Structures are given as structure tokens and as C-alpha cells.
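All remarks here apply to the structure that follows.
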Protein chains: 4
Amino acid sequence: MSRQVDINCDLGEGFGNHSFGFDEQMLKFVSSANIACGFHAGDPLIMESTVAGCLSNGVAIGAHPGLPDLLGFGRRIIGVTPRDMHAYWTYQLGALGAFVKQQGGLLRHAKPHGAMYQLMANDAALAEAALAAMRSFDHDLRLYFPAPLVPAVAGATEKLGVETVQEVYVDLSYDDSGRILVERNKRLVSIDLVRERVRLFLAQRQIRTSSGGVIDVEARSLCVHSDTPNAVEILEAVLEVFAEESVEVSTP
Amino acid sequence: MSRQVDINCDLGEGFGNHSFGFDEQMLKFVSSANIACGFHAGDPLIMESTVAGCLSNGVAIGAHPGLPDLLGFGRRIIGVTPRDMHAYWTYQLGALGAFVKQQGGLLRHAKPHGAMYQLMANDAALAEAALAAMRSFDHDLRLYFPAPLVPAVAGATEKLGVETVQEVYVDLSYDDSGRILVERNKRLVSIDLVRERVRLFLAQRQIRTSSGGVIDVEARSLCVHSDTPNAVEILEAVLEVFAEESVEVSTP
Amino acid sequence: MSRQVDINCDLGEGFGNHSFGFDEQMLKFVSSANIACGFHAGDPLIMESTVAGCLSNGVAIGAHPGLPDLLGFGRRIIGVTPRDMHAYWTYQLGALGAFVKQQGGLLRHAKPHGAMYQLMANDAALAEAALAAMRSFDHDLRLYFPAPLVPAVAGATEKLGVETVQEVYVDLSYDDSGRILVERNKRLVSIDLVRERVRLFLAQRQIRTSSGGVIDVEARSLCVHSDTPNAVEILEAVLEVFAEESVEVSTP
Amino acid sequence: MSRQVDINCDLGEGFGNHSFGFDEQMLKFVSSANIACGFHAGDPLIMESTVAGCLSNGVAIGAHPGLPDLLGFGRRIIGVTPRDMHAYWTYQLGALGAFVKQQGGLLRHAKPHGAMYQLMANDAALAEAALAAMRSFDHDLRLYFPAPLVPAVAGATEKLGVETVQEVYVDLSYDDSGRILVERNKRLVSIDLVRERVRLFLAQRQIRTSSGGVIDVEARSLCVHSDTPNAVEILEAVLEVFAEESVEVSTP
């Protein structure tokens, strides 16, 4: 198996005077960042400085579009239409892309946030609307999406010719169908459990579900959240296991 | 003098289910549109359809960035910093530009809305921050700004090498220093007064101030607002005088 | 049967410079108003003046709490919890109640808006949370809710001892289970259909469903929306049928 | 001089998933709380739980109305009118008051936040509009306002018969006219400086200005901010000096 794995992290999720997560520490170790675009979190000043932080740390930049719900941090389902999805993706990709372009960087990928991930996973029309917006905005953008890829998204990426980087979560739980559970607030995660998940993933490209089974995941990237209370500790544990296994952190 | 004059109009200023202005009628007759970008008005769906309307009517597209104040329609001064201005312009240019790019159009200009115009007119640092954002986002964008150009903005455009299209208002009042008055709500405007202003402008490139004096204006564009209660009637009056004087409506 | 029927209308649904509906005309003829509280629409200035308009026209005042979704006008389902519902109702009742108290009026009832109605109709825990908030804020508030009362809401009102004023819609369609359909935008409604519905309701306390059946409705109030394009015409048709049938418009 | 001094603190300034300040620690030691009402910060869930926290800790509850500017945390001047101010105060007092009433507590006071304090300090018409709203909403509410009371506010309180609790800041700087400086972000404050300020205040009812002079302050309350990076340390320092001087913390 490959000796290179990408580590991606959601960044720039503060708003105004309200800071969020451990961006500065995470930026030093991850290879890819998904930057909030002002809908579920993030604002123009934070986007500008987070883009700058990525560029100065050599971190690949992606957009992290969310539902327009700052109050619920984009982690609550909203009954949007495909037209809404198309427009929400376009708006957020454009807004973030402007900061990247202005600073001489390159927007590399996009990854849906929270309930927007759930909507796409559950509804092929919504998945297709989002990806059509991404594709027509910038032909070369890649989609980050959790492995195993659900049919709604697999179909849309194939139909539209979108390259997908599948990712695995080591700080969230999976149900037996391989879906991750989106909660409104993150909780402390056991570091031992994190190490175990990373080892299982590196050894066998598998994750364990909440009922104890295993599922194959063809992931090229590993996601660590920046708002888990012990996020920095989790990232350190991931990096330690990577070092033990001689895996290099690298953008896919 | 030139027999071609641009007519520009602020469009796409609804929000969600709240419509605003007479966009459909205006689109048929103006040559340039300034489209709201979601801060003082406008939302992703409205931006998408307004861009489409411009393209199908052959109307040149500009961004109309505003202050983040939907409640005050961007017509109230907010104590922002140059860093805020830079980031607010970048965000809004990018968001609108994405819809234009997606639909195969070209973003041509930007024009500050309401209190954002006032901030730039009164503070050179704010003007420069806004224009630096515009310039670094897209080297070819032109600035629309009211004539006569105030020193704060004239200095910034010269310093940054931004091409400016000066514009004249025939539905607003001017004070003796040549500044237009921004009010939170538009009122009915006398059609006779509009005709008189258009004639004076076409004949002598001048506007009359509230105290009765005249000021020279080197304007290549004429602005008509879409939210004045009799906006359509005003636009018709402008077009009639243009026809009488054999002036053609055309993008500068 | 009773020769008095209440007519209620949702009012104050503008936001900032964005006006909405035909409030001034409706205020002259309805007996009860449901005033938006700033979540799906409405803002402090509009709430203040709408309360004043109700008091000067002798219209009974109710709160019209909605989901925090100005962009979707509160007509999109959001995945809220019972704790959210409780807090959203309390906040909005308090905010509107303050204007009423300040002007010497009395808050009489509350009626959920759009998707908040749907959430309560479909989920007993959400219905109970909303009504518990209402009850503990003001013991005497009555609930306005569409007839026929769905089990989730019937159970909650009984458990909490909340008096309910059931209402009938003559400008919306009913499905066969007696639920009204919430759409994001209102469309023109046939005046003949409105007259027919009013007559059927007055004669037999029944409404016709979209498949042609009839359903009994124990309604004491009739709702007319202010944002249907022909809202004023609809209200006039209702009043004409009332006059023909010698029915008086009166608060229940 | 009195051996009892109130300590007040701004609380409940998170928003959604974005927490803010050290509320839990502060609640254990302060005697009065000013709770954000959803405009500059705070949301319905946070208001509900902050009110509960005050009641269970025996902390007197006040409203902390701010300008509608979550992005700027209410610390940026906005060009509002007296009508805006009146409506913004009414809305926020009502919303917070509803949670207090629901939980069996009593709303005791109100204190303007950030730029809203500045607007009232600088403009008698705005001060009077705010206080008229407060007075007509609840006759018994007291105003918290920094000492020395500026003429605009002194005049309004006298005219409207509003009782004022003057307060002193030991974590902010004063200019020579006795006004405090509102910045968008709080910075670390020297603990030695805090002790010195508390001692000077307790001994002589005076504060030192940024140029080294002293100003008399007739304050009955002392304010400690919860969002200064070392807020808890500052509060502990205040309490230590109080203990040394045998001053008791008590609601005025």
C-alpha cells in the first residue's frame, strides 16, 4: 500500500470575535485544509487570514461549503432544493476562491460540511446539483468525501467526471452502513481509540463500525477535526502512528 | 460630445422571498447592471438568476458590494477598518464573479453600494483598501463611482491604476460639494425634474445642486435606481430625452 | 351555527427596506393578526409599527414565531430539537410581547409559522416544547392552529391545558389527511375557489381536499395570507360571502 | 464609605456552537450579570441557560442590549436613528425578560453593550430613545452605565426618572474626559494594574486616565469582562483586594 497519506482538517470556523478550534496548531501538521466560507462559520477576515496561513505553511487549500445556518453551525438538516444547493456551492466556492486567487494560491478541492454532507449522501439530486456547481465553476476541483462512497455521490461524481479523494475519520463513529454521525457538538475522543483506528486503517484500509464490524475504505486522506476538545492531542496521536508505520503526510 | 451614454442600475436587491425593485423591466433598457452580492441585499439564488437575466439581455455585469447590514440595506455607516473593507470586497467580488464565470460571462466592473460609497468617499484609506482588493482579484475590473470624483477616490484610483467610469444620478439630490445623499428609503422623484437633469447633463455635462448651483460632471454613465417607487417611469423619461437628443444607450 | 367568525392574517413580514404583503389594507378588515417576530421575517421597527397598527384598528394581536431562516422565509424544515423549539418560542414571544406591553395592548395568542407549523404537526415532542414555552411565558395565551387538529398538537394542548382556536384556510390546499401544504412562494388563488371554500365552510364546517373529498373542520377562525399576489381580492371575496351569509367578523 | 460593592460581568456572549468567555467561573463570584440578547452575541439557547445559571448562583440579572452586528460583536458604530434604538432596546429587553419571567426570576437592570454605549454617550437623542424604551417596558429597571456619567445620559436619566447604577472598569483604559475605549478585541491586562485600580477606587472613588490624571467616579458597581484572555485572573485579583479591604460583593 501507499506510504503517503493526506491529513485534512476543517479550518477557519470562527466568526467575528468568536474564535473556534485550534487552527494555528493544526496548520503546522496537516497537508490539506477545508476552509469555511461564511455560511455555517467563517467570515471574510477569517477566510483571508486562514488562506494566508495555509499558503505560508504549504497546506493545500479546499473550500468547505456549508448550509446557511450559523446558529446551528451547519450541522442541522435544512430542506433545501437542488437549485439552492447549486447556488450555495457556487457562492461559497467563488468567495473563498477569490481570497486564494488574490494571494497567488490555487483552490484544489471542496468538501461539504456537516448537514450538507448528509444531504448529498442521502439525495442524488442534491449531490448532483452541488457537484455540477463545482464542476462548472472550476473544471479541476476535486471532491473530498467520506469513504465508503455512498451511491448518491458515487453516481454524481461518475456522471459529472469529478475526481474524488475519499477520506477516513478517526475522531467520529460510523454506523453499520458506513455513514458517519453528524452531531451538533463534538465530544472528547479516546486517544487509544484514535490510535487503534489509525492502525487498522493503515494496515488494512478498514474502519470499525459502532456495532463492532469492519468496513473497507479506499481512503487517500484522513480527517481530523479542529473543534474536538482534544483535537491537538488526536492529531499528535495520528502523527505518532504515522511515524511508527513510516507513513508520510502528503497531499494526494 | 459623445453620442453614447451608459445607463447603469442596481439589480438583484431582493432577499429570499422578499422581492425588491423592478428588475425585469429595468433589464430590458439599461446597458450595465450592478448586482448585489448578499451583504446589503441579494442571495445566491437571486444572484444566479440576475446574472442570467443580464446575459440574456446583453447587459454588462458589475458587482455591487455593500456593508454587511441587511437590516439597514447597507445604507447605514458602520465603523469598519481598511482590513474589513479589503476582505468584504474580495468576498463579494468572488461570490458574484463565480456566477458570472459559471454562466460564461465576464465581470466588468464594481460599484460600491450606499454607505460603502460614503465610507470610500470620506476616507482615503478605506477607498484604497477596497480598490486594492478589486485590483488584486481581477486586474481588468473598472470602478463605477459618482462624478465629480472626490479626492479620496481619485487618489486611490490613480495610485492603483484603476480605470474609473464616472456616473451621474438623475434620481438623487447633490449637495454643494457634489456629494449625493444616501437615505435609507427612496422617495418618489419628480419626472419633470428627471427630464431637466438629463437635458442639463447631456447638453453641458453638468448637474444642479440642492442650493441651485451647477457642478461639472465628467460622467460616461447615468444611474437609475430600481427601488424608487416610480423607477420605471424615471427610466422611461431618461430614454425619451435620450431619443430626443439622439443619444444611444451603450456600455462604456 | 355561530354567526361570528374570526379572520386572522399574518402581518409584519417585511424586513428592513424589504416590504412584504398588503398589511395596511388587511389591517382594516381582519379581527386578529399574527405578527412576525424577527426569525423568518419582521424586525424591531416593523414589529413596533405593526403592533401600533393593530391597536389603532382594534385588531387582536398574536405572535407568529418562525424558524430562524430569513433566507427561506421560515418555510423550510430545519432539524431542531425540543430544546431549540422551547427557546425559539420564548425568545420570540418575549420580543413581540414587549412591544405590545409598551403600547398598552395585550398579547392574545400565538400561531406557528410555515415549517414550524409542520414540525409541530409531525412531532409531539416539538409541539409540546413549543406549547410549554408559551404556557410558562403567559398562562393565558391561546394557540391558533389549523383544523382538523393533528394528534401531536391535540395531545400537547390537552396535556398542558392550552386553549386552541382552530382555523380554516381558504387560500391553501389540503391533502387527504387534512394537512395544509407549505410552499416557499405563494401563487395566485382563484377567487371563485375562495368563495366556494368560504361557503362550504360556513354552511357545513367542512373543507374540500385536493382529491375532492371533504373533511370536517371545527374552526372558529379563517386565515387569509397577506403575501398571496391577490391577497386583497381574496379578503374582499371572503367578506362578501360573510355579508351574504350575515356572518360577523369577530375575535373568538 | 460603603463596605459593599457590586461586581457585574457581561455573560452569555457565545453564539450557537461558538462559545465565549469564562461564564461558568465568573458566575460563581459576581453579584450581577448583563446577559447578551442575540444582537451582538447570545442566542435563545444560551440566554435560557445563562438565566438559569444566574438564578442558581444568586446573581442579579440584567439585559445587555447591543447593536445588530454579530460580525463586529457590537463593537462598531452603526448609524442608527432614535427610532432604531427604541425598537432595538424593546426587542432585546422583551426577549431576555421572557426567559427570566419563565424561570421565576426578576429582570433587574439593563446595560448597553460596546458601540451602543458609545452611541448613547455621544448623542442625547439616542440615549433618550433607549431609556424611554426601557422605562415604558418596565418601570422598575435600573440602568448600569460607566462613571463619570456623561451629560447625554445624565440628562436622559433625569428627564425620564431612571435610576442609574454607575460602574467603574478596572480592565479598560479611560481617556481624559472619562470615557472608556471600546476595542473590537480584548487584550491581556496587567494584574498589577488591576489591583492598583481597585485600590484607588476603593480608597478614593477615583480612576486614573491614560495620561496619568485622576477622575472621580461615583460608582456602586465594578465591571469585569469575561472575554479578556486573563479574565478569571483579573476577577480573582479584584476579589483579593476586596478581601484585604473588607469589602463585600453585593448587588446594589
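The values are calculated or read from the model by the stated rules, or taken from the named source; none is laboratory data. Keep in mind the model is a prediction, meaning the values are calculated, not measured. So basically every Cβ, Gly included, is an ideal-geometry build from the backbone, and we count neighbours across all protein chains shown. What goes into the accessible areas is simple: the full protein's heavy atoms, side chains included, and nothing from ligands, DNA or RNA. Shrake-Rupley method; radii C 1.70, N 1.55, O 1.52, S 1.80 Å.
Some notes on this structure:
- Accessible area per residue for chain A, computed on protein heavy atoms with a 1.4 Å probe, is 35 Å².
- Radius 15 Å from Cβ of B:Gly97, net charge of other residues (Lys, Arg +1; Asp, Glu -1): +2
- Inter-part distance where the stretch C:79-103 and the stretch A:115-193 are each reduced to a Cα centre, Å: 36
- With 30 Å² as the minimum drop in accessible area between chain alone and full protein complex (1.4 Å probe), the qualifying residues in the stretch C:95-113 are C:Ala95, C:Ala98, C:Phe99, C:Lys101, C:Gln102.
- Carbon plus sulfur fraction of accessible area for the stretch D:22-114, probe 1.4 Å, in percent: 58
- Net charge over other residues, Cβ less than 13 angstrom from the Cβ of C:Gln206 (K, R count +1; D, E count -1): +1
- Estimated from the Cβ-Cβ distance and a Förster radius of 30 angstrom, the FRET efficiency linking B:Asp123 and D:Glu163 is about 0.15.
- Quick note on the stretch D:124-224: its Rg to Rh ratio, both from C-alpha atoms and Rh being the Kirkwood radius, is 1.01.
- Per the axis that maps chain A onto chain D, nearest residue of A (Cβ criterion) and its distance in Å: A:His18, 2
- Normalised per residue, the volume of the convex hull around the Cα set of the stretch D:57-112 (Å³): 93
- Net charge contributed by nearby residues that have their C-beta within less than 12 Å of D:Ser190 (K/R +1, D/E -1): -1
- The residue among C:Ala36, C:Met120, C:Phe99 whose Cα reaches farthest toward the positive pole of the charge dipole of the stretch C:23-155, with charges on the beta-carbon of Lys, Arg, Asp and Glu, is C:Met120.
- Entry for the stretch C:37-89 at q = 0.23, 0.28 Å⁻¹: log10 I(q)/I(0) = -0.89, -1.07, Debye formula applied to identical alpha-carbon scatterers, no solvent contribution.
- Here the Karplus relation 6.51 cos²θ - 1.76 cosθ + 1.60, evaluated at θ = phi - 60°, turns the backbone of the stretch D:125-134 into coupling constants of 5, 5, 4, 5, 4, 5, 6, 5, 4, 4 Hz, with x for every Gly and Pro.
- Label-point distances for D:Ala203 to the equivalent site in the other copies, using a point 7 angstrom along Cα→C-beta, read 6.9, 7.9, 9.2 nm when ranked shortest first.
- Alpha-carbon spread of the protein assembly as shown, three principal axes, descending order, Å: 76, 70, 61
- The calculated P(r) of the stretch B:75-173, using every Cα pair and 10 Å bins from 0, goes 15, 50, 30, 5 in percent.
- Its residue count N fixes a reference of 2.2 N^0.38 Å for the stretch D:174-252, and the Cα radius of gyration divided by that reference is 1.09.
- Student exercise, the stretch B:1-68 dipole from Lys, Arg, Asp, Glu Cβ charges, in Debye to nearest 20: 220
- Heavy-atom accessible area with a 1.4 Å probe sorts C:Phe29, D:Phe20, C:Phe22, D:Phe145, largest first, into C:Phe29, C:Phe22, D:Phe20, D:Phe145.
- For the stretch D:108-176, the list of GluC sites (Glu not before Pro) that fall in a loop by DSSP and count at most 15 other C-beta atoms within 10 angstrom reads D:Glu163.
- Restricting the stretch D:182-220 to trypsin sites (Lys or Arg not before Pro) in coil, as DSSP defines it, with at most 12 other Cβ within 10 Å: D:Arg187
- GNM result for chain B, Cα springs below 10 Å: residue of B:Asn17, B:Asn122, B:Asn57 fluctuating most strongly: B:Asn17
- The dipole here belongs to chain B: it is taken about the Cα centre, uses +1 on the Cβ of Lys and Arg and -1 on the Cβ of Asp and Glu, and is about 360 debye.
- The helix-only estimate of mean residue ellipticity at 222 nm for chain D, built from DSSP H runs of length n ≥ 4 each weighted as -39500 (n - 2.57), is -12500 deg cm²/dmol after division by the residue total.
- With the label put 7 angstrom out from Cα along the Cα-to-Cβ vector, A:Glu245 ends up 6.1, 7.3, 7.5 nm from the copy partners, going from closest to farthest.
- Each Lys and Arg adds +1 at its Cβ and each Asp and Glu adds -1 at its Cβ; summed about the Cα centre, the stretch C:102-227 shows a dipole of about 260 debye.
- Plainly put, the tip 7 Å out from Cα toward Cβ on C:Asn185 is 2.6, 4.0, 4.3 nm from that tip on each other copy, the closest given first.
- Within the stretch B:1-131, percent of DSSP bridges classed antiparallel, to nearest 5: 10
- The stretch A:87-133 pair-distance distribution - Cα-Cα, 10 Å bins, rounded %: 25, 49, 22, 4
- Principal axis dimensions, largest first and in whole angstrom, of chain C by Cα: 42, 37, 32
- For the stretch C:1-37, accessible area lost to neighbouring protein chains reaches 50 Å² or more, against the chain alone with a 1.4 Å probe, at C:Phe15, C:Asn17, C:His18.
- The fraction of accessible area contributed by carbon and sulfur in the stretch B:117-193 is 51 percent, rounded to a whole number (1.4 Å probe; ligands and nucleic acids excluded).
- Chains C and B, summed buried accessible surface - 1.4 Å probe, Å², nearest 100: 1300
- 23 Å tail of the calculated P(r), the stretch D:34-133, as % of Cα pairs: 23
- Most fluctuating residue given options B:Ile78, B:Ile207, B:Ile46, as computed from a GNM of chain B linking Cα atoms under 10 Å: B:Ile78
- Compared with the alpha-carbon gap, the fully stretched path from C:Arg208 to C:Glu245 is longer by 11.4 nm at 0.36 nm per residue.
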